1. Name the single residue, out of those in segment 38-77 being of a type in the set (D, E, K, R) and assigned to a helix (DSSP H, G or I), that is nearest to the chain's Cα centre (by Cα).
2. Residues in segment 96-104: is at least one surrounded by 13 or more Cβ atoms within 10 Å (Cβ to Cβ) and either at pLDDT 90 or above or of a type in the set (D, E, K, R) (or both)?
3. Considering only residues of segment 30-54 that are surrounded by fewer than 19 Cβ atoms within 10 Å (Cβ to Cβ) and charged (D, E, K, R), which is farthest from residue 77 (Cα to Cα)?
4. With the requirement that a residue be without any contact (Cβ under 8 Å) to a residue 24 or more places away in the chain and more than 15 Å from residue 77 (Cβ to Cβ), what does segment 1-24 give you?
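The values are calculated or read from the model by the stated rules, or taken from the named source; none is laboratory data. The structure displayed is predicted, hence computed values, not measured ones. Neighbour counts are summed over all protein chains in view; Cβ atoms, including those assigned to glycine, are modelled from backbone coordinates with ideal geometry.
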Amino acid sequence: MPGMRWIAILKGCIGLFLAATGGIHFAEDALKMLLCGADVTCLGRTLLAKGPRQLARILDSTVRWLNERDYESITKIKSLMSQANASDPTAFECGHYMKLLQGYKV
């Protein structure tokens, strides 16, 4: 999910809500985006493909994940993995920049 990196970097830099779109099919995908700083995740494609019961599965998995880690709510995990919350924000950005360069094809 390439958007995850940019959400993690942009969170805290701009005063806008960030929406994660694309590649979100399961609770794990949504949780990763929320941990990086997304304010919302878009589930349209997976709901169209798998039907409305997929939303219940995602919700159940999300609640289970939060309970297993003693988090009270989504609010408690939002942005935990963002650059703004990194112990060394400069190293965080540098690491993501290096990853971007490694993926570049000439």
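1. Applying the filter and picking the extreme gives 76.
2. Within segment 96-104, not a single residue is surrounded by 13 or more Cβ atoms within 10 Å (Cβ to Cβ) and either at pLDDT 90 or above or of a type in the set (D, E, K, R) (or both).
3. My answer is 50.
4. Those that are without any contact (Cβ under 8 Å) to a residue 24 or more places away in the chain and more than 15 Å from residue 77 (Cβ to Cβ): 2, 6, 14, 15, 16, 17, 19, 21, 22, 23, 24.
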